[in-house]
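Here's the structure, in structure tokens; my notes come after.
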Amino acid sequence: MKIARTLFVCLILIYSNVLVSQETTSSLNCSQVISVQVRAHYTNELLPNTVVQLFSNNNLIEEKTTDNLGVFTINAACGITYILKSKLEYFNETNKTFTTSNTNGVEVEFTLYLEQNGTPPPCEVLLSGLITDAFSNQPIPEVKIGLLKDNEQIDTTITDINGVYEFTIECSPDYKVSAQKIGYGKALFVVQELKSDEKIHEMITQLIPKQCNQTLNGQVLNSKTGKLIPNTKITLYNETNIVDEFHSSDGHFNFEIKCNSQYTIISSVEKYSDGTKNFSSDEIENTTKNISLKMNPLDEFTIVNNQQMIALKFLNFDLDESTISATIAKELSKVVAIMKKYPEMKIEIKTHTDSLGKDDYNLSLSDARAQSIISYITSSGIDSNRVSGRGYGETEPLINCSSDIIKCTSADHSKNRRTEILVINK
């Protein structure tokens, strides 16, 4: 009987050990996902970057930091009591004790509230912006920039020579920036949501240029009578090139011009010296500018720089040529007629070039042109003793603009390319 009791006790002990062993093994293989969101106690604001530590039996099991939504997740064993400790500057340290269940694979969610302790400094970000041209991608200086918060302007500045502007703003998504400059469409853009760890927020914005145009109306007048001069050729130049040409039958003309631009306009017609005017357009779109060009009637002779000369129209040689064209011959025939009218008169030919070519080449080309003119006049029955001359290249410009400081425009070059016939003895 005693043997039987002893045997029964042994069986019970063995069964109990098996149960304990199975329970321990089950606990080791059982885990759960703990998902916790951390918020401020009174404002319910999400608290990212909060350090959270998981303890069991005073041992640190794991440490994590909450994400941008104030959330962290931890894997925990089943049936274990844990302590969560949270740390965040300007908030009291908070502890929370919880015990996991014995159910494997479940996800447990709860919220951890922290009480604020003290006032954190204001969060500030440097807003650094760049304004560029939408067509050229070049930076735009002197753009007027406005900073708006909740749709009210709170600050202004202008872009520097590199198209850059800066504002110091709070870490708030409620900002907008306005940009405007004459010649461009106005722009209003939203400052994108700022990141919590952002120190400098950079923005690149493009402005679209306006197609700002104006109308130029004008008339060509006789400087002595004030009457319109018909059959006039009018040439419009910008700072470097010919923009447009117009042949006026009645002395009136009009052109479309761009805003904020510099122009030169020249009129020419037979029996008149060329009329010239420099002008600039303003920034106001769709306006009309009116000008008058006055031209002096040509007599046989004219005075230039206290020197008497035969009055001629422009002698236009072909590029790099010294050959007498039909147009030049028509003008030179007037010189021959004048010299036959005044048989004692002697003349000197002076030909000039612009400054576009090399000095030596320009001098040689102008001299060849002078000799061609002399040959034409003498072959038309004028004694060679009455005609002299040579080329001066670019050495005697009417407009001194060939230096690095003063650049020649196309109109300037055109004026410097000329032929002068000086009267030596009348």
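The table for this structure:
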{"read-out": "Asn104 paired with Asn117, simple spin-label distance in nm, labels 7 Å along Cα-to-beta-carbon", "value": "4.2"}
{"read-out": "Relative contact order %, region 270-426, counting alpha carbon pairs below 8 Å whose residues are six or more apart", "value": "26"}
{"read-out": "Taking the convex hull of Cα positions in region 376-420, its mean projected area over all directions (nm²)", "value": "4.0"}
{"read-out": "Helix 2-29 axis, angle to the chain major axis (alpha carbon atoms, nearest 10°)", "value": "10"}
{"read-out": "Rg and Dmax [Cα atoms of region 124-207; Å; Rg one decimal, Dmax integer]", "value": "12.3, 38"}
{"read-out": "Likely footprinting exposure, Asp412, Asp155, Asp360, fewest C-beta neighbours within 10 Å first", "value": "Asp360, Asp155, Asp412"}
{"read-out": "Trypsin sites (Lys or Arg not before Pro) restricted to region 175-264 and DSSP loop, no more than 13 other C-beta within 10 Å", "value": "Lys186, Lys195, Lys199, Lys224, Lys227"}
{"read-out": "Residue exposure sequence - Val108, Val36, Val190 - by fewest surrounding Cβ within 10 Å", "value": "Val190, Val108, Val36"}
{"read-out": "Residue exposure sequence - Ser248, Ser31 - by fewest surrounding Cβ within 10 Å", "value": "Ser31, Ser248"}
{"read-out": "Contact order relative to length of region 344-426, as percent, for alpha carbon pairs under 8 angstrom and 6 or more apart", "value": "50"}
{"read-out": "Cα-centre dipole for region 28-108 with unit charges at Cβ (Lys and Arg positive, Asp and Glu negative), debye to 20", "value": "140"}
{"read-out": "Unit charges at the beta carbon, dipole of the chain: most positive-side option, Gly79, Leu312, Thr205", "value": "Leu312"}
{"read-out": "The chain, relative contact order in percent, only Cα pairs under 8 angstrom and at least six apart counted", "value": "9"}
{"read-out": "Chymotrypsin sites (Phe, Trp or Tyr not before Pro) restricted to DSSP loop in region 121-226 with at most 10 other C-beta within 10 Å", "value": "Phe135"}
{"read-out": "Proximal lysines to Lys144, defined as alpha-carbon separation beneath 24 angstrom and excluding residues fewer than eight positions away on the same chain", "value": "Lys176, Lys181, Lys186, Lys210, Lys258"}
{"read-out": "Range in the chain, longest, excluding exposed GluC sites (Glu not before Pro) [loop by DSSP; at most 15 other beta-carbon atoms within 10 Å]", "value": "345-426"}
{"read-out": "Share, in percent, of DSSP beta bridges within the chain that are antiparallel, nearest 5", "value": "75"}
{"read-out": "Above-threshold pairs, the threshold being 29 Å between Cα atoms, out of Lys334/Lys358; Lys358/Lys415; Lys85/Lys149", "value": "Lys334/Lys358; Lys85/Lys149"}
{"read-out": "Projected area averaged over orientations for region 213-295, convex hull of C-alpha atoms, nm²", "value": "5.0"}
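Coordinate-derived values only; no laboratory data. Keep in mind it's a predicted model, so treat the numbers as computed, not measured. Positions of Cβ are backbone-derived with ideal geometry, glycine not excepted, and every protein chain shown enters the neighbour counts.
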